[in-house]
Each structure stands twice: as structure tokens, then as C-alpha cells.
Amino acid sequence: MASSSAMRKVACAMILCIVMTAPYATEALTCGQVSGSLASCISYLKGAPGPSGACCGGIKRLNGMAQTPPDRKTACGCLKSAAAAISGINYGLANALPGKCGVSIPYPISPNTDCSRVH
């Protein structure tokens with residue numbers, strides 16, 4: 001019985017160590033998050049003067065969320081779909097927008113972007 005009790009204590013200690021040292025699980029980025037982050041940018045992308053603070057905040061937030069290659073590919077696909085679905089977007093403004101907000105992304109924002117090449 002004593003060995004069984006000791007084994008339970010060791011097992012509990014191991015489980016506790018695993019739980020405490022395991023990295024926090026993160027959920028995959030969704031197109032809803034991408035759209036929500038960039039919704040305030042649409043008026044600028046259609047010709048309104050200068051991106052708003054909310055727009056740049058959304059760009060920075062999205063950049064912070066897209067830290068893994070799968071999340072960057074998802075963000076790219078969502079941006080590509082949104083770019084194709086929203087009429088009247090000025091793609092020159094769209095491609096310059098991340099830089100205006102102090103963020104760099106490694107692909108153009110366009111319906112023609114090949115998101116399979118995003119790392």
C-alpha cells in the first residue's frame with residue numbers, strides 16, 4: 001500500500017510538472033478575427049484620407065496574432081478573400097497600409113496573392 005501511495009504522489013508530481021511547464025495553447029487565427037481587426041480600415045482603403053488610429057491599432061493587433069506560419073497563411077487567405085469581396089479597394093493604399101502603421105508583412109494584399117508561399 002505504501003508503494004502505491006508513493007507512486008500516486010510521483011504521478012501527481014509529474015502531472016503537475018507537465019501542466020506547469022506546458023506552453024499555453026493558442027487557438028488558430030480565424031477570418032473573423034482578421035476582419036474584425038481590419039474593419040476600421042475599409043474607408044481608408046476606399047479613398048478616405050489617412051488611416052485612423054483604430055485602423056493602425058487593428059493592423060498591429062493582427063500582426064501580433066499572426067506569429068506562426070499557419071496563422072500568417074490564414075491571415076493572407078483572409079486578406080485575399082476580403083480584398084476580392086470588397087469592391088472599390090485601392091490596392092496601392094492596401095499594400096502601403098501596413099507600412100503606414102509601422103508593420104511589415106511579406107506579401108502584397110491582393111486577390112492574386114499566392115498564400116501558399118507565405119512563411
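The table below gives the values:
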item: All positions within the stretch 74-89 that are within 18 Å of T30 (Cβ to Cβ) and either crowded, with 18+ Cβ neighbours inside 10 Å or of a type in the set (D, E, K, R) (or both); result: T74, A75, C76, C78, L79, K80, A82, A83
item: Selection from the stretch 43-67 of residues that are in contact (Cβ under 8 Å) with a residue 24 or more places away in the chain, closer than 18 Å to I105 by Cα and either outside any helix (DSSP H, G or I) or open to solvent by 50 Å² or more (accessible area, probe 1.4 Å) (or both); result: P51, K60, R61, N63, M65, A66
item: Check on G92, within 16 Å of C41 (Cβ to Cβ), assigned to a loop (DSSP other than H, G, I, E, B) and out of contact with any helix residue (DSSP H, G or I) (no Cβ under 6 Å at 6 or more places or on another chain); result: no
item: Selection from the stretch 90-119 of residues that are touching a Ser or Thr at 6+ places or on another chain (Cβ under 6 Å) and either surrounded by fewer than 17 Cβ atoms within 10 Å (Cβ to Cβ) or more than 22 Å from P69 (Cβ to Cβ) (or both); result: Y91
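The values are calculated or read from the model by the stated rules, or taken from the named source; none is laboratory data. Owing to the predicted nature of the structure, the values given are computational and were not obtained by experimental measurement. So basically every Cβ, Gly included, is an ideal-geometry build from the backbone, and we count neighbours across all protein chains shown. What goes into the accessible areas is simple: the full protein's heavy atoms, side chains included, and nothing from ligands, DNA or RNA. Shrake-Rupley method; radii C 1.70, N 1.55, O 1.52, S 1.80 Å.
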